[in-house]
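Here the structure comes first, spelled out in structure tokens, and everything after it is commentary.
The values are calculated or read from the model by the stated rules, or taken from the named source; none is laboratory data. This structure is a prediction, so every number in the text was calculated from the model and none was measured. Note: ideal-geometry Cβ built from the backbone for every residue, glycine included; neighbour counts use all protein chains shown. Side chains are part of the model used for accessible areas, which takes the heavy atoms of the whole protein and leaves out ligands, DNA and RNA. Shrake-Rupley method; radii C 1.70, N 1.55, O 1.52, S 1.80 Å.
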Amino acid sequence: MPTTRRFTGLFRLADAAAELDRITAEGRATADAYRASRDLTAEGKGRAFAADHRRARWAGDLEEITTRTAAALDNLGGRPAAVRSKLLAPPADTQAAILAELRHARRSETIRAAIADNPANAARLIAEAESADLAPLVETLETLGGNSSSLVADAVERGLTKRAPEYAAAKAEAAKVPEAHAWLAAKVTAATAAITELDSNPHAGGPLATVPVGALGELANVDV
């Protein structure tokens, strides 16, 4: 892992993509120059390319970019759980939390009857709940349903997603994380081949390595 951060300040996924493309282009151009040399044998060209002092800098840049970008994507993948946990946190005020539990206890039979009638009612109950009542309500809903528990769980998610735009946004971003990880791996494969192989395959990383970062939508603007 790099001991210093060369890329400081605002650094987005789009910037990481530009740096990966730069490393790939510079590595390939350097390899082309060594292969075109008339002064060295093929073995000599390979040794000279391998010893080029720029390769160490490229490798350090590549490691930093890869580590930071992968960590940022992992954080995005875990963000829905963090937002959901915050959304369902009980009131910080002890008295308010107790009152919420008491209100919930009085309504528990109504809640159970609504779910027994239709598991999809979970979404409506969440939409109608006061913020302070949300935590005990969801806790109860997640224990109900019997054979329809998956339907209740789906309805709970729909209700929370509709109720909290920040939760909906976090889920939308997280859904793109696997695609972004695959894109990053392809870009890194292309860059690694470019700086380590004198005769690297120009198609290293496959078609995904040439996909522009804009294809990842809003993830392009994520800070890494």
Within the set of pairs 6 or more residues apart or between chains, which connect a residue that is within 25 Å of Val213 (Cβ to Cβ) inside region 20-42 to a residue that is of a type in the set (A, V, I, L, M, F, W, C) and not in a helix (DSSP H, G or I) with Cβ atoms less than 9 Å apart?
-> Thr24/Ala204; Ala31/Leu198
Give me a count of the residues in region 1-42 that are crowded, with 19+ Cβ neighbours inside 10 Å and at pLDDT below 75.
-> 0
Which of the residues spanning region 185-223 are more than 16 Å from the chain's Cα centre (by Cα) and of a type in the set (Asp, Glu)?
-> Glu197, Asp199
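Can you tell me which of Val224, Val156 is among the aliphatic types (A, V, I, L, M), open to solvent by less than 30 Å² (accessible area, probe 1.4 Å) and in contact with a Ser or Thr (Cβ under 7 Å, 6 or more places away or on another chain)?
On the way: Val156 fails: in contact with a Ser or Thr (Cβ under 7 Å, 6 or more places away or on another chain).
After ruling out the rest, the residue left standing is Val224.
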Do we find a residue being open to solvent by 30 Å² or more (accessible area, probe 1.4 Å), assigned to a helix (DSSP H, G or I) and closer than 20 Å to Ala169 by Cα anywhere in region 86-109?
-> yes
Conditions (1) part of a loop (DSSP other than H, G, I, E, B); (2) surrounded by 13 or more Cβ atoms within 10 Å (Cβ to Cβ); number of the one not met by Ala190 | (1)
State all residues of region 110-144 that are of a type in the set (Gly, Ala, Ser), open to solvent by less than 30 Å² (accessible area, probe 1.4 Å) and farther than 23 Å from Lys86 by Cβ; if no residue qualifies, say none.
-> Ala114
Test each condition in (1) touching a His at 6+ places or on another chain (Cβ under 9 Å); (2) open to solvent by 60 Å² or more (accessible area, probe 1.4 Å); (3) not charged (D, E, K, R) for Thr196 and report the one that comes out false.
-> (1)
